[in-house]
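The values are calculated or read from the model by the stated rules, or taken from the named source; none is laboratory data. Everything numeric in this text was worked out from a predicted model, so none of it was measured. When we count neighbours, we look across all protein chains shown, and the Cβ atoms used for this are built from the backbone with ideal geometry, even at glycine. Each accessible area value is taken on the protein alone, full model and side chains, heavy atoms only, with ligands, DNA and RNA left out. Shrake-Rupley method; radii C 1.70, N 1.55, O 1.52, S 1.80 Å.
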Amino acid sequence: MEDTHSVANLMQSTTSKIQQLQKAFAELESQRAVTLNLKWKELEDHFHGLERSLKRRFHELEDQEKDFETKTRKAQQVLKNQETAVVAKEQACLRKLQDKRDAAVFAITNALEKHRNVSTPVSASCDKEDGVEDLTSYPETDYLEDNSYPELVKLCVEMNSEGLHKFISDNRKELAALKEEIPFALKAAKDPAFLVLESLQGFYLMNADGKKDSNLLGLRRTCIMLMECLSVLLASLDANAFSSIVSEVVKERAKVIAEEWKPKLDALDMDANNGNSLEAHAFLQLLSTFDIASNFNEEEFSKLIPMVSRRRQTADLCRSLGLSGRMSGVIEFLASSGRQIDAVNLAFAFNLTEQFSPVPLLKSYLKEARKVSPPAKTGNTSPPAQNDASERELTALKAVIKCIEEHNLEHQYPVDSLQKRVVQLEKAKADKKRATEVVKPQPKRPRASIPAALGPRVAANFVTDQTFYPRVADNRYPPQYVYENRPYVYPGPPVDNHGPSLMGPPAAYNFSPSHGNYFGNGYQYQPSYLH
């Protein structure tokens, strides 16, 4: 600024300098005998021109300086706003984290309070009557009388793993309530960990197809649920109580089972399981529940995560196994293999949405679902191929809408257009179903033979006969109706989705065959897993 003021002062003194120069020039001209060729008017115009040029350039520089200062202030204001937004976001994240911590502490406190409210010490006489010696170490044994499922507790006290499987199968419609009660019942067992390990027998049956045998599917789901319930029980205990239940002997036995299961996992097809592998889930749950993950290669069992990515327990399972640091690679693999829905769910579970933006992943998933395989001849797409493409797009749209609603992404990805497309596809599907529905034709009645002498029957006479003479009903044949005996049009009463497989009789095993009424494989996105 000092240089600017000095330049301005010099320019203001230009006029006085020109006047002084004029006086000096007049004095010089008066003293010279020869008239100068260069007149004073020309010199004056020249110097005034220089003055105007300097002033114009000076004003231009002043304007540029003002513009620069304005831009600098705006940039500083933007930086300040961004800094304020970052600080606010950090505070919001901290508050959200604190809320989650408070909620977790509150839930744990309520659970412990519930344990205390339903538990009283069991007297020695009760121990003697029931024939149980070690129940005095578990105050919750009074649960035998107050529990809604006293038979469940009795089976745990008796260490009856086979009966436990049968009881869960018989009460499969109440699995949600059972899953809350099983941890309490396991605490009444003499050795809860040993009981759960015993229940794992038969997980791999000889000559049984785990995808088609509904009995085996039910047994495997029960095994996984029992290990999860044991984990809930162990999480509520201190280190000493945990060590007393999951002893070194128990860990060694769990390692033996894991070593037996591990080679069978190598034969699994990652794509065929579609992120819902019960075998991989059971293996990872076994490592987590019995705290034996350190005895296995972390990189190897982390490769099993994509095989269970669609199951609701995956995020908690990964945290308990210490795999949170590997989730970026898992999410990237899922996103690149056409399973963007699973990638979005895991990104939210592990707070990786900044690295893996949900909306582009969902749009990419829809784009891939809308692709139709190229037909054999250009412009000739078969109806089955069109139906498959529409069904695939409809399923993908519903999965994306559900994902958007679950993670509150409506402001980033509005669902109005998606819902309109769903309505359009469902209407087209219903129209095609009505158009292609085959109606059973009415069988023709045999006609009596016509004597040769009468000649061929004339069409005009036939029309006349039909018009003026009513047809006499022939009682020799029972009446036939178009909609008679059509079981595929009028389905029977609703049945449980866990119905037995139609592929043939299930393989027998030593547990109750009623396991067959469990939920199926569930190859759609976001299935409702009961346990």
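For the reader, a short list of remarks on this structure follows.
- Filtered residues of the stretch 237-265 (kept if over 17 Å from Asn297 (Cα atoms) and touching a helix residue (DSSP H, G or I) at 6+ places or on another chain (Cβ under 9 Å)): Leu237, Ala241, Phe242, Ser244, Ile245, Val246, Ser247, Val249, Val250, Arg253
- Flag for Glu300 being in contact with a helix residue (DSSP H, G or I) (Cβ under 9 Å, 6 or more places away or on another chain), at pLDDT below 90 and open to solvent by 30 Å² or more (accessible area, probe 1.4 Å): yes
- Residues of the stretch 166-173 include at least one that is part of a loop (DSSP other than H, G, I, E, B) and farther than 24 Å from Ala107 by Cβ.
- Screening Val196 on (1) open to solvent by less than 10 Å² (accessible area, probe 1.4 Å); (2) in contact with a Pro (Cβ under 7 Å, 6 or more places away or on another chain) shows it passes everything except condition (2).
- Taken together, Glu51, Glu90, Glu65 contain a single residue that is open to solvent by less than 100 Å² (accessible area, probe 1.4 Å), farther than 30 Å from Ala24 by Cα and assigned to a helix (DSSP H, G or I), which is Glu65.
- Lone qualifier among Ser231, Ser243 - being among the polar types (S, T, N, Q) and touching a Ser or Thr at 6+ places or on another chain (Cβ under 7 Å): Ser231
- Leading residue by the ranking (nearest to the chain's Cα centre (by Cα)) among those in the stretch 416-430 that are aliphatic (A, V, I, L, M) and over 13 Å from Lys363 (Cβ atoms): Val422
- Unmet requirement for Glu391, which otherwise passes all of (1) of a type outside the set (Ser, Thr, Tyr); (2) loosely packed, with under 15 Cβ neighbours inside 10 Å; (3) modelled with pLDDT of 90 or more; (4) farther than 30 Å from Lys100 by Cα: (3)
- Restricting the stretch 282-297 to residues that are in contact (Cβ under 8 Å) with a residue 40 or more places away in the chain, open to solvent by less than 20 Å² (accessible area, probe 1.4 Å) and part of a helix (DSSP H, G or I), the residue that is nearest to Leu346 (Cα to Cα): Gln285
- Only residues that are among the hydrophobic types (A, V, I, L, M, F, W, C) and either within 19 Å of Asp266 (Cβ to Cβ) or surrounded by fewer than 16 Cβ atoms within 10 Å (Cβ to Cβ) (or both) were counted in the stretch 303-320, giving 4.
- One residue from Glu279, Glu298 being acidic (Asp, Glu) and farther than 25 Å from Asn215 by Cβ: Glu298
- In the stretch 108-125, the residue that is modelled with the lowest pLDDT out of those that are polar (S, T, N, Q) and part of a loop (DSSP other than H, G, I, E, B) is Ser123.
- Test for Lys371: is it loosely packed, with under 14 Cβ neighbours inside 10 Å, assigned to a helix (DSSP H, G or I) and basic (Lys, Arg): no
- Matching residues in the stretch 226-236 - criterion: being surrounded by 14 or more Cβ atoms within 10 Å (Cβ to Cβ) and either in contact with an Asp or Glu (Cβ under 8 Å, 6 or more places away or on another chain) or within 24 Å of Ser302 (Cα to Cα) (or both): Leu226, Met227, Glu228, Cys229, Leu230, Ser231, Val232, Leu234
- Residue in the stretch 171-179 that is small (Gly, Ala, Ser), in contact with a helix residue (DSSP H, G or I) (Cβ under 8 Å, 6 or more places away or on another chain) and either modelled with pLDDT of 90 or more or open to solvent by 70 Å² or more (accessible area, probe 1.4 Å) (or both) present: no
- Against the criterion of being open to solvent by 20 Å² or more (accessible area, probe 1.4 Å) and among the basic types (Lys, Arg), Arg326 qualifies.
- In this structure, Glu279 does not qualify as open to solvent by 50 Å² or more (accessible area, probe 1.4 Å) and either under 21 Å from the mean Cα position of the chain (by Cα) or not aliphatic (A, V, I, L, M) (or both).
- Within the option set Lys212, Lys187, being open to solvent by 10 Å² or more (accessible area, probe 1.4 Å), under 35 Å from the mean Cα position of the chain (by Cα), at pLDDT 85 or above and of a type in the set (Lys, Arg) holds for one residue only, Lys187.
- Residue check, Lys264 part of a helix (DSSP H, G or I), in contact (Cβ under 8 Å) with a residue 60 or more places away in the chain and surrounded by fewer than 18 Cβ atoms within 10 Å (Cβ to Cβ): yes
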